[in-house]
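Chemist: Please see the structure below; I have some questions.
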Amino acid sequence: MTPGRTDNPRVAVARRSSELTQSAPTGRSRWLKRYFSWLPEGRSLPQQTWSHRHAQIVRFALAQAGGVGLFGLIRGYSVALCVIFAGLVALPAVLALWDQASRRTRTISATVSLMFASATIVDLAGGSDVAHFHFFVMVGVV
C-alpha cells in the first residue's frame, strides 16, 4: 500500500472530488466569469463628477419641494398642510447642501428628499396609480 492511500472508498471519493474542484475552471465557470466581467463594479464616482451630479440632484429635489406645495394647493389642501409637505421634502435637500456633512450623508439626504417627494405626491393625489410612477422616475434620478 502506498503512503497517503487508503482502502476506504469514501475517503477515495472525497479525495477525487476535492481534486476536481481544484482543477482548471469548467466551461460554466468560465462563462460566468465572462458574464460578470460585463457588469459594473460599483466603484465610487470621482469627487468632481459626484459634486456636479449631486448639485443637480439637490436642485431638482428643491424644485420638487416647491412642486409638492403647489400640487397640494391645486388639489385643494390648506396652505399650512402644503407648507408642511413642502418642508418635509425640502429639509433633507437643505441638509444635502451642507458642505461639512460627509459625502455619504449628503447623498442619503438628497435621496430621502426625492423619496419624500414621491410619497407626498402619492398622498396628495389620493393614492392614484399614476402618481406611483413618480417613484420609478426618482429611482432613475438617484
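The values are calculated or read from the model by the stated rules, or taken from the named source; none is laboratory data. Note that the coordinates shown come from a computational prediction; the quantities given were computed from them, not determined experimentally. Ideal geometry is used to build each Cβ from the backbone, glycine not excepted, and the neighbour counts take in all protein chains shown. Surface areas here come from the heavy atoms of the whole protein model, side chains and all, with no ligands, DNA or RNA. Shrake-Rupley method; radii C 1.70, N 1.55, O 1.52, S 1.80 Å.
Chemist: Being in contact (Cβ under 8 Å) with a residue 40 or more places away in the chain and β-branched (V, I, T) is the filter here, so list the residues in segment 94-131 that pass it.
Modeler: Selection gives T107, T120, I121.
Chemist: Sticking with this one: Test R59 against the stated conditions and say whether it is modelled with pLDDT under 90 and basic (K, R). First the steps, then the outcome.
Modeler: Details: modelled with pLDDT under 90: no; basic (K, R): yes.
Against the criterion (modelled with pLDDT under 90 and basic (K, R)), R59 does not qualify.
Chemist: Only residues that are without any contact (Cβ under 8 Å) to a residue 24 or more places away in the chain and either in a helix (DSSP H, G or I) or within 19 Å of L114 (Cα to Cα) (or both): list them for segment 71-93, please.
Modeler: Those that are without any contact (Cβ under 8 Å) to a residue 24 or more places away in the chain and either in a helix (DSSP H, G or I) or within 19 Å of L114 (Cα to Cα) (or both): L73, I74, V79, A80, L81, C82, V83, I84, A86, G87, L91.
Chemist: Does segment 39-46 contain any residue that is at pLDDT below 90, surrounded by 12 or more Cβ atoms within 10 Å (Cβ to Cβ), out of contact with any Cys (no Cβ under 7 Å at 6 or more places or on another chain) and assigned to a loop (DSSP other than H, G, I, E, B)?
Modeler: Yes, segment 39-46 contains at least one residue that is at pLDDT below 90, surrounded by 12 or more Cβ atoms within 10 Å (Cβ to Cβ), out of contact with any Cys (no Cβ under 7 Å at 6 or more places or on another chain) and assigned to a loop (DSSP other than H, G, I, E, B).
Chemist: Could we say that Q64 is out of contact with any His (no Cβ under 6 Å at 6 or more places or on another chain), under 18 Å from V141 (Cβ atoms) and open to solvent by 80 Å² or more (accessible area, probe 1.4 Å) here?
Modeler: No.
Chemist: Keeping to segment 99-125, report how many residues are open to solvent by 70 Å² or more (accessible area, probe 1.4 Å) and within 22 Å of L81 (Cα to Cα).
Modeler: 2
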